[in-house]
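These notes concern the structure reproduced below.
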Amino acid sequence: MTIVQILGGAIAGMVALQLLAALFFYIRRERVSVRLLQQQISTARQRAEEAQLERARKRDLDELRWDGCRKFRVVRKEFENDARSICSFYLEPHDGKPLPWYYPGQYLTFEFDIRTPQARTARSTIRCYSLSDKPDRNQYRISVKRITSPPGQPAESPGLVSSYLHDHVEEGSIVDVKAPSGHFFLDPVREAPVVLV
């Protein structure tokens, strides 16, 4: 074997290695490109589905929302802790019609006629309570913490409505409720960081 043949073989080997390396990097780059393209398609598809869902939710709100108060029946009353200081109330519309969707963080406004020992007649009292369950076409849930007298001040009156709900509203009770509202809520469509404080 001559030196020219050895050099020719070495050069051919190096060219082959370079071709293999180039092929390897080309395939790798193409795989990354395909993966990126698949991710972009998946993200675009997800955004289109979310936009469609959002349009359906807005249409749903427009069609099912009601003005003023609507009668709801308490179908379940459930204490959430051993101290019985937090109670959840499950509410179904008295008319049986479907309920509009709502955003996480929105609330219901209640109107109660509460008679206190000091008053001769019942007084109309309005309170807002956050919805505490995922959206459901058939029922809403609120969770209410009983507000007690401040520590060391038993003469101070406890929370009027929270006490009324805990002590007097039972399964089967009818309550007056306004449609879900509130402008400070989590947007399930927007992809943004959320900080809970």
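Some observations on this one:
- Between helix 3-64 and the chain: long-axis angle, C-alpha atoms, 0 to 90°, nearest 10: 20
- Ellipsoid fit via the Cα gyration tensor, region 82-181: semi-axes of 26, 16, 12 Å, each the root of five times an eigenvalue, largest first.
- Nearest-20 debye value, region 72-197 charge dipole, Cβ charges on Lys, Arg, Asp, Glu: 220
- Split the accessible area of the chain by element, probe 1.4 Å, and carbon with sulfur accounts for 56%.
- Note on the chain: the alpha carbon radius of gyration divided by the globular reference 2.2 N^0.38 Å gives 1.95.
- In this structure the chain gives 73 Å² per residue of accessible area when probed at 1.4 Å with all protein chains present.
- Shown here for region 89-128: trypsin sites (Lys or Arg not before Pro) in loop regions (DSSP other than H, G, I, E, B) with at most 10 other Cβ atoms within 10 Å, namely 120.
- Estimated [θ] at 222 nm from DSSP helical runs (n ≥ 4, -39500 (n - 2.57)) normalised by residues in the chain, nearest 500: -13000 deg cm²/dmol
The values are calculated or read from the model by the stated rules, or taken from the named source; none is laboratory data. This structure is a prediction, so every number in the text was calculated from the model and none was measured. When we count neighbours, we look across all protein chains shown, and the Cβ atoms used for this are built from the backbone with ideal geometry, even at glycine. The protein model used for the area step is the full one, side chains on, heavy atoms only, and it has no ligands, DNA or RNA in it. Shrake-Rupley method; radii C 1.70, N 1.55, O 1.52, S 1.80 Å.
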